[in-house]
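To start, the structure under review is shown below, and the notes come after it.
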Amino acid sequence: MNKYIHLTLVLLIVSGLSGLILGFTNEFTKDAIRQVKLDNINKNMNKWFPSVPLENKEENATADYPDLSDKNVVNIYEAKDISDTLEGYILEVKAPDSYGGGMVLLVGIDTEGKVVGFTYLSFNESGPGANVRENNSFVNRIVGKDSVNDVDTVTGATYTSTATLNGVQIALDYFDKNLKE
Amino acid sequence: MTKKQNFLKGIFSENPVFVLILGMCPVLGVTSTLFGALGMGVAFTLVLVLSNIIVSMIKNFIPNEVRIPSFIVVIATLVTIVQLTMQAYLPDLYNQLGIFIPLIVVNCVILGRAEAFASKNNILDSTIDGLGMGIGYTIAIAMLAFIRELFGAGTLTLFMYGDVNIKFNLIPNNAFEPISILILAPGAFITLGLLLGVINAIKFNIENKKSVGRS
């Protein structure tokens, strides 16, 4: 009996210590990780909506928006220029069924409901799917569209490109349903 | 075994990729670009050296019955630290390696060295063993990635961070089509097989010469 208590205690100490160390690591890196994400959003905000000033957008931008029960739409960021005129939105969406899983997209949509650009916030694709990110012709097929249901996928990277298209379409559908004026 | 022999065995006689054929999943998965392979090699070496040091330090306190779960907890903790640090300070590399960073936890080379070497040797020897094995692993996957990216895409990617992108395009004006199967999954197997063949041929040649010299 004593032996089992001893073994349990050893495992408890090892796990407790590693939990403590991970807690410290998380505390130490979480601001930098959040900053990486915000930088990414701001960089694209400025790229897709050039009149929007480069400034930090807070992550809790979702509060005012309806129907985030659509679990694939994670966050919405408003693109407003200096005079506070709405230029469009950036939607952070989860793209389901990608090859590597866990794909998250930022999709820029203007006030007319057309895609002005998209990028990957989280991208776990390997092999040929990994090159979809740099495939300009695929990107050009999506930008300017108000629906991507008829856009062709990339040969050899069907999963990745289909997941991307699904993600963009989720953003467009959400815009049509909830944000369109 | 001298310290030098201990270090060199991981690179040559017991190279985890070319001789022991261990930890093949990332070897085949991340070697489509040189940058990915080098990043993986550095992350792997870091985790391996640290896990060897910690396992060697705690070996006398861990009862035999629970050594494997304890080692796995140590390795998983180290991998998570590397993952969070990379996500915060090297986001491009983090994005490129993707799922293969958390998978370092189940890389059998790391648990293998913890179990077979670090749990039986002192801290200094375990560190040297980890360094040798890590460097051997990095050299092996960098060789594979060099061949695959060069012939499969016609490029060599050395570094990517934000706007700094050191990538050489070695086919000017798309003069010829690269062998794109090499950067696909089957290309990883083909290249690894050919490399293993070449390395074994060289090894047998050297051994033959030695035995001829002896007789």
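Read-outs throughout are calculated quantities, based only on the coordinates presented, and are distinct from any laboratory measurement. What you see is a predicted model, and the numbers here were worked out from it, not measured in a lab. All Cβ positions, even for glycine, are placed from backbone atoms using ideal geometry, and neighbour counts span all protein chains on display.
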Can you grab the distance from the C-alpha centre of the stretch B:4-20 to the C-alpha centre of the stretch A:23-46, Å, no decimals? 39
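Assuming 0.36 nm per residue, please report the length gained on full extension of the stretch residue B:185 to residue B:57 beyond their Cα-Cα distance.
Here the segment from residue B:185 to residue B:57 would lengthen by 42.1 nm.
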Restricting to lysines and to Cα separations under 25 Å from residue A:47, and discarding same-chain partners fewer than 8 apart, the set is A:37, A:57, A:80, A:94, A:114, A:145, A:180, B:167
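Could you tell me which chymotrypsin sites (Phe, Trp or Tyr not before Pro) in the stretch B:147-191 are loop residues by DSSP with no more than 13 other beta carbons within 10 angstrom of their beta carbon? Show your work: numbers first, answer last.
Details: sites: B:151, B:159, B:161, B:168, B:176, B:189; in loops: B:176.
Here the sparse-neighbourhood loop sites are B:176.
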Mean residue ellipticity at 222 nm from the helices of chain A, using -39,500 (n - 2.57) per DSSP H segment of n ≥ 4 over the full residue count, to the nearest 500 deg cm²/dmol? -14000 deg cm²/dmol
Under a plain spin-label model, where a point goes 7 Å from the Cα along Cα-to-Cβ, how far apart in nm are residue B:204 and residue B:89? 4.7
Selected from A:88, A:117, A:101 as most flexible by GNM, with chain A as the system and alpha-carbon contacts under 10 Å: A:101
For q = 0.08, 0.17 Å⁻¹, Debye-computed log10 I/I(0) when each Cα of chain A counts as one equal scatterer: -0.34, -1.06
Along principal axes, largest first, the alpha-carbon spread of the protein assembly as shown in whole Å comes out as 86, 65, 33
Within chain B, helix-based [θ] at 222 nm, where runs of 4 or more DSSP H residues each add -39,500 (n - 2.57), nearest 500: -21000 deg cm²/dmol
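Assuming a ≥ b ≥ c are the square roots of the Cα gyration tensor eigenvalues, decide whether chain B counts as rounded (a/c under 1.5), prolate (otherwise, with a/b larger than b/c) or oblate. If you can, show how the numbers build up before the last one.
Numbers: a/c = 2.38, a/b = 1.23, b/c = 1.93.
In terms of gyration-tensor shape, oblate.
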Give me the number: length gained by fully extending residue A:111 to residue A:30, i.e. 0.36 nm times residue separation minus the C-alpha to C-alpha distance, one decimal in nm. 25.8 nm
Projected label distance in nm at residue B:21 and residue A:39, using a 7 Å step from Cα toward the beta-carbon: 4.3
Just going by the charge dipole of chain B, with Lys and Arg at +1 and Asp and Glu at -1 on Cβ, which of B:194, B:205, B:107 is farthest out on the positive end? B:205
Enter the Cα centre distance for the pair the stretch B:85-157 and the stretch B:52-82, rounded to the nearest angstrom. 18
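About its Cα centre, how strong a charge dipole does the protein assembly as shown have in debye, to the nearest 20, once Lys and Arg get +1 and Asp and Glu get -1 at the Cβ? Let's see the in-between values first.
Working: 29 positive and 35 negative charges, 505 e Å.
Magnitude of the dipole: close to 2420 debye.
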